[in-house]
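> Handing you a structure now.
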Amino acid sequence: MARLSELGVDFDHWCFACGRANPVGLHLDYDVARRRASTRFVPAREHSGYEGLVHGGIVTALLDETMGWAIFHEGIWGVTARIAVAFRRPIAVGAQLTVTGTVTKETRRAIETHGEVRDASGALVAEADATFLVMPEERRRELERRYSRVEEAFAKVKAAVQEEEMGTR
């Protein structure tokens, strides 16, 4: 898998989930492959709902962002139109989590995804299905101007994913 931060993807912005500029954000980084993204996260006390347990909104944000990166790293800009989350088990603060997102269906205007959160034992603790609407071209271009070096970084990501698929990485 290709690590986004190592390939020049710029995380110096305010996104709550992946932005480095946000002092209270999650500061996620992603490993990506074709139609897939994954990250690791250890929730801290500030991510609590009930004492000692992770807030469901944080779990939802993890899933939403990870499913989004499953499409975004391929140069497709989209916004979440719908997300349905199923919480399978309570998640303890301090638990080592692995979050994955995969593309399950793609049309011209929408992309369907599935996400999973697993604990260190591999047990499924939450999962989601989401639909992302493909962003209109004008808005995509506007955001590409705002986020520097996007095209260059995505070209490196695409090359790394292709190298891995061919077994040369």
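> Work out, step by step, the length gained on full extension between Met135 and Val79: first 0.36 nm times the residue separation, then minus their alpha carbon distance; give nm to one decimal. Mind showing how you got there, number by number?
Details: separation 56, 0.36 × 56 = 20.16 nm, distance 0.67 nm.
My answer for the length gained is 19.5 nm.
> About its Cα centre, what dipole magnitude does the chain give when the only charges are +1 on Lys and Arg Cβ and -1 on Asp and Glu Cβ, stated in debye to the nearest 20? Present the calculation step by step, with values, prior to reporting the outcome.
Numbers: 23 positive and 25 negative charges, 39 e Å.
It works out to roughly 180 debye.
> Give me the net charge for the shell around Thr104: Cβ to Cβ below 10 angstrom, other residues only, Lys and Arg +1, Asp and Glu -1. Don't skip to the answer; put the middle values down first.
Values: positive: Arg35, Lys105; negative: Glu106, Glu112, Asp129.
Net charge in that neighbourhood comes out at -1.
> Moving on to the next point. I'd like the Karplus ³J(HN,Hα) series for segment 106-115: coefficients 6.51, -1.76, 1.60, θ = phi - 60°, whole numbers in Hz, and an x wherever there's a Gly or Pro.
Taking θ as phi minus 60°, the curve returns 9, 10, 5, 10, 9, 10, 9, 9, 10, x Hz for segment 106-115.
> Any idea how far the Cα center of segment 106-169 sits from the one of segment 1-68, in Å?
Here the two parts' Cα centres lie 13 Å apart.
> What angle do you read, to the nearest 10 degrees and between 0 and 90, between the alpha-carbon axis of helix 137-146 and the longest principal axis of the chain?
That helix lies at roughly 80 degrees to the long axis.
> Please list 3J(HN,Hα) in residue order for segment 86-97, calculated via the Karplus relation 6.51 cos²θ - 1.76 cosθ + 1.60 where θ = phi - 60°; whole Hz, with x for glycine and proline.
After applying 6.51 cos²θ - 1.76 cosθ + 1.60, I find 10, 8, 8, 8, x, 10, 6, 4, x, 6, 7, 10 Hz.
> Right, here's the next one. Regarding segment 33-161, what is the average projected area of its C-alpha convex hull, in nm²? If you can, show how the numbers build up before the last one.
On the way: hull surface 33.9 nm².
Over all viewing directions, segment 33-161 projects a mean Cα-hull area of 8.5 nm².
> Quick one: which residues, 5 or more positions from Trp77 or on another chain, have an amide H under 5 Å from its amide H? H modelled 1.01 Å from N in the peptide plane, none for Pro or chain starts.
Correct list: Met135.
Every read-out reported here was derived from the displayed coordinates using simple, explicitly stated rules and does not represent laboratory data. Bear in mind that the values here come from a model prediction, so they are computed numbers and not experimental data. Quick reminder, even Gly has a Cβ in these numbers, built from the backbone with ideal geometry, and neighbours come from all protein chains shown.
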